[in-house]
1. Go ahead and estimate [θ] at 222 nm for the chain from helices alone: -39,500 (n - 2.57) per DSSP H run with n ≥ 4, summed, over the residue count, rounded to 500.
2. Kindly write out, for segment 42-58 in residue order, the coupling ³J(HN,Hα) from the Karplus curve 6.51 cos²θ - 1.76 cosθ + 1.60 (θ = phi - 60°), rounded to whole Hz, with x marking Gly and Pro.
3. Mind putting together the pair-distance distribution for the chain? All Cα pairs, 5 Å bins, whole percent per bin, short to long.
4. Please report, as a whole percent, how much of the solvent-accessible surface of the chain comes from carbon and sulfur atoms (probe radius 1.4 Å).
5. What percent do you get for the relative contact order of segment 4-186 when only Cα pairs under 8 Å and 6+ apart count?
6. Under a point-charge model restricted to the Cβ atoms of Lys and Arg (+1) and Asp and Glu (-1), what is the dipole moment magnitude of segment 38-137 relative to its Cα centre, in debye to the nearest 20?
7. Mind ranking 26-37, 173-184 by how tightly packed they are, going by the mean number of other C-beta atoms within 10 angstrom, highest first?
8. Can you tell which of ALA113, ALA140, MET37 lies farthest toward the positive end of the dipole of the chain, using +1 and -1 charges on the Cβ of basic and acidic side chains (Lys, Arg; Asp, Glu)?
Amino acid sequence: MTAVRLVILGRQGSGKGTQAARLVEAYDTVHISTGDMLRAAVGAETELGLQARAVMDAGELVGDDLINSIVAERLAQDDVAEHGFLLDGYPRTPDQAAALEGILAEAGTPMDAAMNLDVPVDEVTVRMMARGRADDTAEAIRRRLDLYESETAPLLAWFADRGLLEVVDGLGAEDDVFIRLTLAIDRRLSVGDAS
Ligand code: AP5
């Protein structure tokens, strides 16, 4: 199987992490979740974790420079060269999107597609309240969703302009969402193979 290079986008609570875990198995690729990396750093009480904890609990975004350097370092590792990647939670600002474009251009490894998991605000709010992660308080959820609208939603047009965007309905059973995602990814990969 050739290495896939994918991004999964969507509101907080849209199911990116849930679906990413299944997609990395199906496509034998590497799951790179900036949220998981940050939570691991918080758990290990590293310097990064100590810096990130309060920012995350408040629902704010960690600084672009810091996130860009963490992702650049991760993308340079051997497993990514061999298996590609599925980026989850990154990019989520215009600065991060530009940084990713630069990293991939330099490596000569273009992205295959950006999958947007489309789930309305009401539904993601219910899902996050039911999950109860440390940053799933009503106030932090509101702040994260506001930041999504102002910082991350504009990236949908950015990916669409580059011909990379696939919008997938994220409502319904997890199995159904997974099938929709794989159909869209497979269509992309077959178009790439044919060109
Ligand atoms: P991050 O970990 O990325 O959190 P998030 O953006 O809030 O996204 P979530 O993990 O909440 O949502 P998800 O879409 O993965 O949904 P999930 O699968 O869990 O980031 C956390 C923080 O880190 C940020 O706020 C920020 O501070 C910082 N950070 C991270 N990346 C950053 C970056 N690039 N720049 C700056 N700062 C950054 O599903 C949600 C729930 O729904 C689960 O309980 C799940 O079981 C359930 N569910 C899933 N699918 C379905 C379904 N089909 N039907 C019903 N329920 C479902």
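1. Rounded to the nearest 500, the figure is -18000 deg cm²/dmol.
2. Taking θ as phi minus 60°, the curve returns 5, x, 7, 6, 6, 4, 4, x, 5, 5, 7, 4, 5, 4, 5, 4, 7 Hz for segment 42-58.
3. Using 5 Å bins, I get a P(r) of 1, 7, 16, 21, 22, 17, 10, 4, 1, 0 for the chain.
4. Within the chain, the accessible surface is 53 percent carbon and sulfur.
5. 33
6. 320
7. Result, highest mean first: 26-37, 173-184.
8. It is ALA140, whose Cα lies furthest towards the positive end.
The values are calculated or read from the model by the stated rules, or taken from the named source; none is laboratory data. Here the structure is a predicted model, which means the values were calculated and not measured. Glycine gets a Cβ as well: all are built from the backbone with ideal geometry, and neighbour counts include every protein chain shown. Remember, those area values only see protein heavy atoms, side chains included, never the ligands or the DNA or RNA. Shrake-Rupley method; radii C 1.70, N 1.55, O 1.52, S 1.80 Å.
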